[in-house]
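Each remark here refers to the structure printed beneath this line.
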Amino acid sequence: MNKNGPLEYDYSVSKLFIMNALFVGAIGMLVGVIIAWQMAYPGLNTFLGDGLAEYTNFSRLRPLHTDSVIYGFVLSAVWATWYYVGQRVLKVSMAESKTLMLIGKLHFWIYFVSASLIVTSLLLGWTTSKEYAEFEWPIDLAITVIWLLWGASIAGLVGFRREKSLYISIWYYIATFLAIAMLHLFNNMEIPTILATSPAGETMVGAWWHSVSMYAGTNDALVQWWFGHNAVAFVFTTPIIAMIYYFLPKESGQAIYSYKLSLLSFWGLMFVYLWAGGHHLLYSTVPDWMQTMGSVFSIVLILPSWGSAINMLLTMKGEWQQVASSPLIKFMVLGSTFYMFSTLEGPIQAIKSVNAIAHFTDWIVGHVHDGVLGWVGFIVIAAIYHMSPRIFRREIYSRSLMNTQFWIQTLGVVLYFTSMWIAGITQGMMWRAHDEFGNLAYSFIDTVTVLHPYYTIRAVGGTLYLIGFLMFIYNIYKTTSARRVEEDELQNASPMGA
Amino acid sequence: MNKIYLWGIIVTGIMLAATGYTLVETAGGKKDLSEVLSGDIVNTLAIAGAVALVIITVFVVIKYVRQMQVDTAGGELTEDSWDDIGEYHNPIPTGWAIIFLVTMVWGMWYFIAGYPVNSYSQIGEYNEDVVAHNAKFEKEYASITGDRLIEMGESVFLAECKVCHGLSADGIDGKAADLNERIGLLTVKNVVINGSNNSLLSEGSSMPGRDGLMNANKDYAPITDAEIDAVSAYVANGMTGEGGDVFAGACASCHGVDGKGMEYVAPNIVTYDMNLLANVLNHGKKGVMGTMPAFDRLSIKQKEAVSAYIISLSKGE
Amino acid sequence: MFHWLEKHPFFFALSVFVAIAFAGLVEIIPSFAQASRPLVGTTPYSTLELSGRQIYIKNSCNACHSQLIRPFKSETDRYGHYSLSGEYAYDRPFLWGSKRTGPDLMRVGNYRTTDWHENHMKDPASVVPGSIMPKYTWLYTNEADIETAYAEQLTVAQFFSVPYNTPIPMKDGSSKVIKMADSIAEANADALDEAKVIVADMKDQSIKDAVANGKIPEIVAIIAYMNSLK
Ligand code: HEM
Ligand code: HEM
Ligand SMILES: [Ca+2]
Ligand SMILES: [Ca+2]
Ligand SMILES: [Cu+2]
């Protein structure tokens, strides 16, 4: 290794994760589009024929959608950026250490194999039912290994670093690592049923992969939503903030607006986030005080969340011409805006009386998707667009394709969340309505059939988003053989073809 | 005016208009927005929240977009730089800092002093709600009768019964009883052959099966297959056609010559009556078509109303 | 202080961990202390019911159906008494759900019956026009996995002292025993006995024949589970 010359970063692990993010992202969103159409037209539950209906119906596919976009698409992108940003802001190259490289490769390949197992197992219906933690114990173990490998990579890169102090993005990656490790362990405490012995002395009874949760009923719910809420926080929020804190200033060439603001937002978020999980259990059988805690901290949470978004928007102060001309920056600016929207929407839905209407309805699904499509999706897309020219040393194939993609996907998100917003409020109010005699005004099915138009609009919105995503993949694919670029073209704004 | 404000107003306007439209369309026949919102504090708060969400986000974002458009970046850079990313020493935005502080203080206060630890429970809130609800409707509808009662019954029917009996109460191709007629052929025949034990009169009353049914006109000979067919058709057709003599011989002793039943002995099998319907709702009913659950969660008034509705369908009494 | 932490990754990580772990300690530990005790009248699941519950989970019915009745007049009117913590004492995992694309099922056993489920699960829209619930046709041909249900009973009895084969007090003062078999063969036989009671109310001849031949189609198990929800 040349000690004096400029560092040659090695992006091979990053590249693998990018490929995977594109591939699994497309599949996960395709499944999302399928289930969205199934809700509008239930006949599509058998779209591959009656014989395969068991594997193609809504309820089998829904966990496949959520898990593949969360753990396939988003986590892959998180790791792609980790193996890219980590090297650069810590000033270490993966090429400097064979061990680091081995860890990175193992990290990817074990993850890749596990992901295939997850898809298969979900299609077979091997699930524990816990949202976003559906996996049975063998996969839980694999996830633990994958996570430890990532931890080793963080420890390695941070340990070898040449940059004394840690950049903001690194704070967020570390927080992601720690929080998910803790959540994963506690939410997956389960006993494999093959450990039991029957009075007749029979052992290994029944399916080998089946397990029983360590917790029952209300306690189980409490642990699950402590996990669920924070899995959202530490997969859909902190690592995405890590990304935008690197890619926005880097792409725009602007300095971060305020160090102090980033500091306060970070520690504020760390401290407040975990308390808010109770908002998933409002009006349930968990104690009242815990529910109230969830509501109160959700309101407080607006500020540390908005802090990061404001810091990003202010970083672009005076730079409107960049926003106007670069689709890459557009993704990040609109992404921050959607982040603000969903982190205000969430707290509002966490107010007990609002949750009385919103809980169990499509308004929550709307909230989810303006976060994941408008914030997570857009930032991930921007990150991959920024990394590709640097990894492949080629310009992005087409700016106009990118612009078209941006507008198509924006329209998709808007259709998605407005339709779900209206559907949710409609349904929530219809459930509550009493007629003039004091009887329920609607039977349940009345509250289902009114939603048909909204489900259709949502499906159209989702389809548009998927089309945009496919354009993205095509653009990246063509980038690998586009015009070669020199190092100095890569300082800030990414080079793009027409 | 700047284009961006126009967009903000358009987006806000569309979201709010769509929400308002939805509310009026779906709030149980209420006529306008104020009526929808005045009844239920939960509705009011949810809508207030939704409105605040759109307005706040749109206008805060516009504020920052304006800064992108007209302001210039600046400030003192810190000495650090990572991969050429710098950081300014700029102060924390005051508005943000103040609101953060306020919410923190409010949060602490709420927990220590504001939260009604001892006086609030969601179950307590529910109980009060139920009392208020019942008081309101009992006062208004405790004594309704006639067409109003039938109207009320229809609303119960649509919410509770139509999943099994169908929108038009026709029983969905024999999956449940067709309530537009007192009784179907299949049911009668089944009851005559197998007897019936559904507490239609009261707890414990039952009808014997074919082994226990003798035709008095034929020296009390057990009822034959042909007689079963004939009498079933006779009953199912509303006591017309052949089989009248079998009925007179084997059934009238309990159900009465006209089939209208006898108190404490056998139920009316020509038309529905309040007593029979009350028993079906209280005990459920298991027959050839399937099993109907008991409906103990309906109030007495609701049961009375839905019974009145069913009687009106079959023009019973 | 923060700037110092940013230069000392270990202490940085430690501080982050303390900040995030703190909430968990405060929120979760106290509620575990008052472990969820069963309500009088709450019983563990029988073998066939538990098998049905596993089928419910396998097909992610919880993606569309909740099992949590909130204390609102509108919900208790629609679904029955609001949920109580003790009723979930034997629910591992809990199945509250987070989305009601379909109605709550916490007490569906009170107001829907075997024959209705039989029609509904095969083709929901045939009984409820406009229903968007999928047809669960394969439940009529797949066989229920009784052995795994039995394994789960053994597990909860051994590791969590769930009271099988012990009298459990009921609301009316009587008591009830939920049986857990001594061997796989006995568990299969018990489940078959339960299945016979269910199919007596069913119409589909092929299901009746299957049970008569000692097989238990998944639909029978899931109906047993639905009927147990009260
Ligand atoms: C201040 C920040 C936030 C707060 C206080 C918050 C609050 C909430 C609330 C109250 C719910 C509904 C719970 C229910 O009634 O079922 C919810 C659901 C959800 N939110 Fe957020 N939210 C926030 C930010 C976000 C962001 C940024 C995302 C994603 C990018 C997100 C993703 C989700 C998801 C996936 C769910 C669905 C959970 C489920 O499956 O039920 N949230 N959030
Ligand atoms: C192509 C675009 C997409 C479409 C059409 C789509 C559609 C859907 C549908 C139909 C559901 C089920 C809603 C229900 O049960 O009512 C859903 C749930 C969900 N999707 Fe997507 N989705 C898309 C993209 C994404 C992406 C990119 C992510 C994450 C990065 C995501 C995360 C989720 C989550 C977390 C849920 C569960 C929400 C909840 O339980 O509340 N989706 N999606
Ligand atoms: Ca697990
Ligand atoms: Ca959910
Ligand atoms: Cu949450």
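Miscellaneous remarks
- Virtual spin-label span in nm between B:A142 and C:R37, 7 Å along Cα→Cβ: 4.0
- Relative counts (whole %) of C-alpha pair distances in region C:1-101, using bins that are 10 Å wide: 12, 27, 28, 15, 13, 6, 0
- With a Förster radius of 41 Å applied to the C-beta separation of C:H8 and B:V102, the computed FRET efficiency comes to 0.80.
- The loop-placed trypsin sites (Lys or Arg not before Pro) in region A:395-485, going by DSSP, that have at most 15 neighbouring Cβ atoms within 10 Å of their Cβ come out as A:R483.
- Largest mean-square fluctuation among C:P124, C:P44, C:P134, in a Gaussian network model of chain C whose springs join Cα atoms under 10 Å apart, belongs to C:P134.
- Straight-line cross-link reach from B:K218 at under 18 Å between alpha-carbon atoms covers these aspartates and glutamates, not counting any fewer than eight positions away in the same chain: B:E227, B:D229, B:E242, B:D245.
- Computed over the alpha-carbon atoms, the protein assembly as shown gives an Rg to Rh ratio of 1.02, Rh here being the Kirkwood radius from the mean inverse distance.
- Counting lysine pairs in region C:45-179 whose alpha carbons fall under 19 angstrom apart, excluding pairs fewer than 8 residues apart on the same chain, gives 4.
- Of the residues A:Y477, A:A433, A:V460, the one whose Cα sits farthest towards the positive end of the charge dipole of region A:384-498 is A:Y477 (charges of +1 on Lys and Arg Cβ, -1 on Asp and Glu Cβ, taken about the Cα centre).
- Taking Cα centre as origin and charging only the Cβ of basic (Lys, Arg, +1) and acidic (Asp, Glu, -1) residues, the dipole magnitude of the protein assembly as shown rounds to 3020 debye.
- For the options B:I92, B:I269, B:I193, a Gaussian network treatment of chain B with springs between C-alpha atoms closer than 10 Å singles out B:I92 as fluctuating the most.
- Considering only A:G371, A:T120, A:A350, the residue lying farthest towards the positive end of the dipole of the protein assembly as shown is A:G371, judged by Cα position with unit charges set on Cβ.
- Between the C-alpha center of region B:224-292 and that of region C:7-29 there is a gap of 74 Å.
- R0 of 56 Å, Cβ-Cβ distance B:T72-B:A132: FRET efficiency to nearest 0.05: 0.40
- Ranking of B:S307, B:S196, C:S206 by count of other Cβ atoms within 10 Å, fewest first: C:S206, B:S196, B:S307
- C:K196 versus C:A125: modelled label distance in nm, points set 7 Å from Cα along the beta carbon direction: 4.0
- Which of B:V24, C:V156, B:V61, A:V485 has the fewest Cβ neighbours within 10 Å, and the rest in rising order: B:V24, A:V485, B:V61, C:V156
- The longest stretch of chain B left intact once loop-based trypsin sites (Lys or Arg not before Pro) with at most 13 other Cβ atoms within 10 Å are removed from consideration, loops following DSSP, is B:32-314.
- Helical mean residue ellipticity (222 nm; -39500 (n - 2.57) per DSSP H run of 4+; nearest 500) of the protein assembly as shown: -19000 deg cm²/dmol
- Taken as entire DSSP H runs, the helices of chain B that both span 15 Å or more between Cα atoms along their own long axis and average -0.5 or more on the Kyte-Doolittle scale are B:3-26, B:41-70, B:94-109, B:146-156, B:225-236, B:300-313.
- Rounded to the nearest 20, the Cβ-based charge dipole of region C:1-81 about its Cα centre (Lys and Arg +1, Asp and Glu -1) stands at 140 debye.
- Chain C, dipole about Cα centre (Lys/Arg Cβ +1, Asp/Glu Cβ -1), debye to the nearest 20: 700
- Farthest positive-ward along chain C dipole, Cα basis, beta-carbon charges - from C:I184, C:L105, C:L48: C:L105
- Near B:N215, the amide H atoms lying under 5 Å from its own belong to B:Y220, B:A221, B:I223; only residues 5 or more places off or on other chains count, and H is placed 1.01 Å from N.
- With Cα atoms defining each centre, region A:154-229 and region C:122-151 are spaced 32 Å apart in the structure.
- Cross-link partners for A:K164 among the lysines, with Cα-Cα distance under 24 Å and sequence neighbours closer than 8 places in the same chain left out: A:K3, A:K91, A:K98, A:K250, A:K260, C:K7.
- Listing C:H81, A:H65, A:H386 from fewest to most neighbouring C-beta atoms within 10 Å gives C:H81, A:H65, A:H386.
- Within region B:86-161, the chymotrypsin sites (Phe, Trp or Tyr not before Pro) that combine a DSSP coil assignment with at most 14 other C-beta atoms in a 10 angstrom radius are B:Y120.
- Chain B: most fluctuating residue of B:E151, B:E76, B:E242 per GNM, C-alpha cutoff 10 Å: B:E76
- Spacing of the two label points (7 Å from each Cα toward its C-beta) at B:D225 and B:N197, in nm: 2.6
- The trypsin sites (Lys or Arg not before Pro) of region C:116-180 meeting both criteria, a DSSP state outside H, G, I, E and B (loop) and at most 10 other C-beta atoms within 10 angstrom of the site's C-beta, are C:K171.
- The alpha-carbon of B:K260 sits under 12 angstrom from the alpha-carbons of these aspartates and glutamates, leaving out residues fewer than 8 places away in its chain: B:D273, B:E317.
Rule-based calculations on the coordinates, nothing more; no lab input. No experiment lies behind these values; they were computed from the predicted model shown. Quick reminder, even Gly has a Cβ in these numbers, built from the backbone with ideal geometry, and neighbours come from all protein chains shown.
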